[in-house]
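**Student:** Submitted below is the structure of interest, expressed as structure tokens.
Nothing in this text is a laboratory measurement; each read-out follows from the coordinates by a stated rule. On a predicted model such as this, the values are computed, not experimentally measured, just so you know. With ideal geometry, Cβ positions are generated from the backbone for all residues, glycine too; neighbour counts draw on all protein chains shown.
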Amino acid sequence: MGCCASKGRGYAANQTTMWRSTGIVALRDRGLRALPREVLEVDKFIRTLDLTNNKIAMIPMEISKLFNMQRLVLAQNIIERLPASLGDIHSLKVLTLDANKLRTLPDELGFLVRLEQLSVAGNMLTSLPETLGNLKNLLILSVSNNNLKYLPQSIGSCLALEEVRANDNSIEDLPPSICQLIHLKSLSLNNNRLHKLPPMLLRECKALQNISLHENPISMEQFQQTEGFQDFEARRKRKFDKVIDSNVMINSRGLDEGIDF
């Protein structure tokens, strides 16, 4: 009995030593129901924490002890809410919360000013906090498969955004501020309730190359009549000409790749 206990302590000690050395804590597919206390004890050494596919229902307030963490992956758990203290991890660059049971996100999310990727697909969100606009370094926003009826007006302040994935929601209108996203390259809005787009979207979003509107009550004719459509078409053509010039194989959809209705 004592021998087994000793071996257990030895394994835990070796594991903690490895975490401190690499900065990576990978505990996927372990059936965990809570964040192990040993992880919090490593605190400042952790750069990546991956707890994908467990049975974790709650993230403790003490998560803020991992203040040097840059990547937090909590996909495929049963998390219903996030602690406000998550906003204290100012070094965080990637936050993945796909396939949980989240209904809201805390306003403190806006304190994650270094965040570059936010993925909350496959939850039960009905809205996103207006503090989203504080994320000036955000490059990718993935909110597909939720219950969103709109995107916050503040999204226009996420000036670094390059990709927005908001498929499979109930979005009826896009906020006019989305036209401020001058670096936006890809906008995916399949299976929503959009009847129209902001009139200046194609004209002002000068980097936009791909837009996907499959299964929306908006017609190709409406889209083609949007101001800036010709410039959008020219950008798409340049993109695919570049692909062809680089001798990279593309699929048979050719130039239709950038628009999906």
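**Student:** Take Ser21 and Ser127, extend 7 Å from each Cα along the Cα→Cβ direction, and tell me the distance between the two endpoints in nm.
**Tutor:** Once both label points are built, they end up 5.0 nm from each other.
**Student:** Here's a follow-up. Regarding the range 37-112, what's the average projected area of the Cα-atom convex hull, expressed in nm²?
**Tutor:** Numbers: hull surface 17.2 nm².
Dividing the Cα hull surface by four gives the mean projection, 4.3 nm².
**Student:** Among residues other than Gly87 whose Cβ falls under 10 Å from its Cβ, what is the net charge (Lys/Arg +1, Asp/Glu -1)?
**Tutor:** Working: positive: none; negative: Asp88, Asp107, Glu108.
Net local charge, Gly87 excluded: -3.
**Student:** Still on this structure, please answer the following. Do any of Lys101/Lys237; Lys149/Lys206; Lys65/Lys136; Lys149/Lys237; Lys65/Lys149 go past 29 Å between their Cα atoms, and which? List each step's numbers first, then the result.
**Tutor:** Working: Lys101/Lys237 41 Å; Lys149/Lys206 26 Å; Lys65/Lys136 24 Å; Lys149/Lys237 32 Å; Lys65/Lys149 35 Å.
Result: Lys101/Lys237; Lys149/Lys237; Lys65/Lys149 exceed 29 Å.
**Student:** In the range 40-122, which chymotrypsin sites (Phe, Trp or Tyr not before Pro) fall in coil by DSSP and have 16 or fewer other Cβ atoms within 10 Å? Please report the intermediate quantities before stating the final value.
**Tutor:** Working: sites: Phe45, Phe67, Phe111; in loops: Phe67.
Answer in residue order: Phe67.
**Student:** Quick one: length gained pulling Ser170 to His90 fully straight, 0.36 nm per residue minus the C-alpha distance? Mind showing how you got there, number by number?
**Tutor:** Values: separation 80, 0.36 × 80 = 28.80 nm, distance 3.18 nm.
That works out to 25.6 nm of additional length.
**Student:** How far apart, in nanometres, would the label points at Ala160 and Lys237 be if each is projected 7 angstrom from Cα along the Cα-to-Cβ direction?
**Tutor:** 3.4 nm
**Student:** Kindly identify the chain as rounded, prolate or oblate by the Cα gyration tensor criterion: order the square roots of the eigenvalues as a ≥ b ≥ c, call it rounded if a/c is under 1.5, otherwise compare a/b with b/c, prolate if a/b is larger, else oblate. Don't skip to the end; give the middle numbers.
**Tutor:** Details: a/c = 2.45, a/b = 2.06, b/c = 1.19.
The shape class here is prolate.
**Student:** How much length is gained on full extension from Glu108 to Arg30, taking 0.36 nm per residue of separation minus their Cα-Cα distance? List each step's numbers first, then the result.
**Tutor:** Numbers: separation 78, 0.36 × 78 = 28.08 nm, distance 2.92 nm.
Full extension from Glu108 to Arg30 adds 25.2 nm.
**Student:** Measure nothing but the geometry: give the 0 to 90° angle between the long axis through the Cα atoms of 2-22 and the longest principal axis through the Cα atoms of the chain, rounded to 10°.
**Tutor:** The two axes meet at around 40 degrees.
**Student:** Quote to one decimal, in nm, the extra length available between Arg37 and Glu215 on full extension: 0.36 nm per residue of separation minus the C-alpha distance between them.
**Tutor:** 59.5 nm
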